[in-house]
Amino acid sequence: MPHADFRSPPPPPGSERPERLLRLLAEDLRTIVERDPSVRDRKEALLHPVLPALWLHRVAHRLHRRGRRVPARLLMLLARCVTGVEIHPGAALGRRVFVDHGAAVVIGETAVVGDDVTIYHQVTLGAVGWWRDNLRAAGERRHPVIGARVVLGAGATVLGPVRVGDDAVIGARALVLGDVPAGARALAPAGTVSPPSGGTSPRTTRADLSRPPDERNGSMNPDSTVLIVGATDETVRKAKELGLTVLLLQHPTKVSPEQEELADVLRVLDYTDWAAVEPVARELWREPGFRVALSITEPGLENAGRVNDLFGLGGTGYEVTRLFRDKLAMRRHLAGLDPSTVAAAPLLRREDLDAFGAAHGYPFIVKPTDATASIGVFRIGGPQDAERVWATVEGLRGTRTDRVSTMYLLRDFLMEEYVEGPEFSVEAFSFAGRHVVVAITEKFVHADRFAELGHAVPARLDEPVRERIGASVRRFLDLIGLRDGVTHTELRLGPHGPAIIESHNRVAGDMIPELVRGAYGIDLVEYALGWPFRLVPELPERPEAHAGASVRSLVSEPGRVESVEGVADAAACDGVLDVRVTAKPGDTVHALRDNWDRLGLVAVTGPDTDAAIRRGAEVIGDAIRIRVVGEDGRTWLAHAAEARSLAEVPV
């Protein structure tokens, strides 16, 4: 059977305009910021060791396709001298290809690399040898074709005209000589580690060595063992209090002494990277084994779902989790099932803003597809706002913002219809498809921005409205496909009833779980950990609150924090559940843009919701002293943010 000609044909006239190349180069720069956690912004990305090789190849490939082979070769020779990366100018690289470290990467002439591929150092996409290739017919492909979203681990070698399907993983040091199906894994044999006679293995943590060998892996019962992907100290502590054996995957920046002490097995890795998580999950599945993988922290949710899918564990899987995490994917999914859902579309070009406004009217919302804490959310009031918002979005895209370093980048944005009305969140727990609304949380949101200024439970609502909100959330969870576990769903009570804004299959932030525990006596973290093992009882359809609870936030006009006092005094006040002050002397205080501009939170209980809201402001006013100084030398104290009641908000 004759082979197809994989040589790139000459480009049609006008098909490679300079602006297209410039957009591609800019995308390469953004990709480095997105994929490399050590790079904070585009300026730093300009110094990434692999960027010259990518950029020079983009130019050299175009020269090669036009028949200018010598200049193309000279450019790639320069790239190799500077970066150690050797890419033949004839190789075709897709968009958003990320080469990490890059030293000794070799990509041959007829290789094709798809979009969003990740390549680690010492990877070879080569031919099988000149003694065979010289016998091939002219134009016959000699090198691999790599599909989209493939990961090629360090030292991986793929030889010959083979195909690696989309979403496949080629493990470190693996040798591939045949086709790899889409989604498959080609892994080299893992090395075995024997404990040294005089020390500990670098991969073994103190948590694993704190018990004698016969009390570690060998005696663990998989039926009472949980694999937790990312956790706080509280999560690990409560899992141990439930009697569970804890296998913890934790990010290097998040490990704490308490986690090292409590976890039965601790593996330190970037748990947001599936290529890093999968081999460790397979190792722990073989020994000691586990019943389910779970996470109640945003960055760990998707890979916990992948682990459940990989081993058929029955917990919440990747596809359901993705619909929660990706707001645009959620909107598209609901649009096919519920015509009344809020309209949404991706924001890719400046012109998209005008088109969405013309189709759906003003105002509408622009926001990231997968961020949290109200970061990067904008209201387009009319065509006059489009230019300003587009410029801001482009400045944020590919960054971790200028105020906080998170495990996620602002990358893709979407547009969606604006819903006018008061905002609530619903804290729910699902028991094998039976969705229980545990609490409806009243939210206090800035009048002009989307910063959350406080929360209160139970929400002050009439019973018919409460029932309508509960029915809307239960229907939403059914449509998404969630069967078990905790959820936090945000909605607005609009002119046509409740409208879902977004949802998460994890506990809420901003101390809302503390409010639920204070008002209802229900620990949502304990339920999230215990329900997969049936260690907690099912909740009734209508849990009853025995008190009210509220979170009030501390805010200030712009300035600089001069001093912080009274935090311990506030924590000791009657009715206080928790006090979390993030402001430190010397910090810059910004005008409120999102949740990260608040200076702290105070959670309290009271006889009812009204009393709890008042009590929070009293504790802030009586105990906490955050002194702020302005540019003119004037000083003042931070104060409790306004909490507008429902009576002041049109419903």
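Some values worked out for this structure:
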item	result
Residue that is most open to solvent (accessible area, probe 1.4 Å) [pool: residues in segment 263-281 that are assigned to a helix (DSSP H, G or I) and touching a Leu at 6+ places or on another chain (Cβ under 8 Å)]	PRO279
Some residue of segment 505-522 being assigned to a helix (DSSP H, G or I), closer than 20 Å to ASP610 by Cα and among the aromatic types (Phe, Trp, Tyr)	yes
Residue that is surrounded by the fewest Cβ atoms within 10 Å (Cβ to Cβ) [pool: residues in segment 64-96 that are closer than 19 Å to GLY139 by Cβ and of a type in the set (A, V, I, L, M)]	ALA92
Residue check for VAL576: closer than 20 Å to ARG517 by Cα, under 33 Å from the mean Cα position of the chain (by Cα) and open to solvent by 10 Å² or more (accessible area, probe 1.4 Å)	yes
Test: residue in segment 577-594 that is part of a loop (DSSP other than H, G, I, E, B) and touching a Pro at 6+ places or on another chain (Cβ under 7 Å)	yes
Hits in segment 39-59 - residues which are part of a helix (DSSP H, G or I) and open to solvent by 70 Å² or more (accessible area, probe 1.4 Å)	ARG42, LYS43, GLU44, TRP55
Filter result for the condition that a residue is open to solvent by less than 30 Å² (accessible area, probe 1.4 Å) and either assigned to a loop (DSSP other than H, G, I, E, B) or within 20 Å of ILE365 (Cβ to Cβ) (or both), over ALA459, ALA439	ALA459
Residue selected from segment 131-171 under the condition outside any strand (DSSP E or B) and touching a helix residue (DSSP H, G or I) at 6+ places or on another chain (Cβ under 9 Å), by the criterion farthest from ALA275 (Cα to Cα)	ARG142
VAL473 vs. criteria part of a loop (DSSP other than H, G, I, E, B), of a type in the set (Val, Ile, Thr) and touching a residue at least 40 places away in the same chain (Cβ under 8 Å)	no
Matching residues in segment 327-385 - criterion: being of a type outside the set (A, V, I, L, M, F, W, C), without any contact (Cβ under 8 Å) to a residue 40 or more places away in the chain and in a helix (DSSP H, G or I)	ARG332, GLU351, ASP354, GLY357, PRO383, GLN384, ASP385
Unmet requirement for ARG483, which otherwise passes all of (1) within 25 Å of GLU452 (Cα to Cα); (2) part of a loop (DSSP other than H, G, I, E, B)	(1)
Count of segment 282-321 residues which are under 16 Å from the mean Cα position of the chain (by Cα), open to solvent by 10 Å² or more (accessible area, probe 1.4 Å) and of a type in the set (Val, Ile, Thr)	3
Residue list for segment 609-640, restricted to those being touching a residue at least 60 places away in the same chain (Cβ under 8 Å), surrounded by fewer than 20 Cβ atoms within 10 Å (Cβ to Cβ) and among the charged types (D, E, K, R)	ASP610, ARG625, ARG627, GLU631
Selected residue (only one of ASP166, ASP133 is over 22 Å from ILE32 (Cβ atoms), open to solvent by 50 Å² or more (accessible area, probe 1.4 Å) and among the acidic types (Asp, Glu))	ASP166
Long-range neighbours under 8 Å by Cβ, at least six apart or interchain, first residue touching a residue at least 60 places away in the same chain (Cβ under 8 Å) within segment 564-592, second β-branched (Val, Ile, Thr) and outside any strand (DSSP E or B)	GLU565/ILE624
ASP36 more than 23 Å from PRO144 (Cβ to Cβ), within 28 Å of the chain's Cα centre (by Cα) and open to solvent by less than 30 Å² (accessible area, probe 1.4 Å)	yes
Residue list for segment 469-492, filter: farther than 18 Å from ILE512 by Cα and open to solvent by 20 Å² or more (accessible area, probe 1.4 Å)	ALA471, SER472, ARG474, ARG475, ASP478, LEU479, GLY481, ARG483, ASP484
Identity of the residue in segment 219-254, open to solvent by 50 Å² or more (accessible area, probe 1.4 Å) and outside any helix (DSSP H, G or I), that ends up nearest to TYR318 (Cα to Cα)	THR232
Residues of segment 73-97 that turn out to be closer than 19 Å to ALA127 by Cβ and of a type outside the set (Val, Ile, Thr), as a count	10
Considering residues of segment 60-107 that are assigned to a loop (DSSP other than H, G, I, E, B) and of a type in the set (Lys, Arg) only, the residue nearest to ASP412 (Cα to Cα)	ARG96
Out of GLY586, GLY606, sole residue that is buried (at least 17 other Cβ atoms within 10 Å of the Cβ) and in contact with a strand residue (DSSP E or B) (Cβ under 7 Å, 6 or more places away or on another chain)	GLY606
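This table checks each residue for (1) open to solvent by less than 20 Å² (accessible area, probe 1.4 Å); (2) over 25 Å from the mean Cα position of the chain (by Cα).
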site	(1), (2)
LEU323	yes, no
ARG331	yes, no
HIS360	no, yes
PRO363	no, yes
GLY382	yes, yes
TRP390	no, no
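The values are calculated or read from the model by the stated rules, or taken from the named source; none is laboratory data. Only a predicted model underlies this, so the values are computations on that prediction, with no experimental measurement involved. Don't worry about glycine lacking a Cβ; one is built from the backbone with ideal geometry, like all the others, and counts go over all protein chains shown. SASA here: full protein model, heavy atoms, side chains in, ligands and nucleic acids out. Shrake-Rupley method; radii C 1.70, N 1.55, O 1.52, S 1.80 Å.
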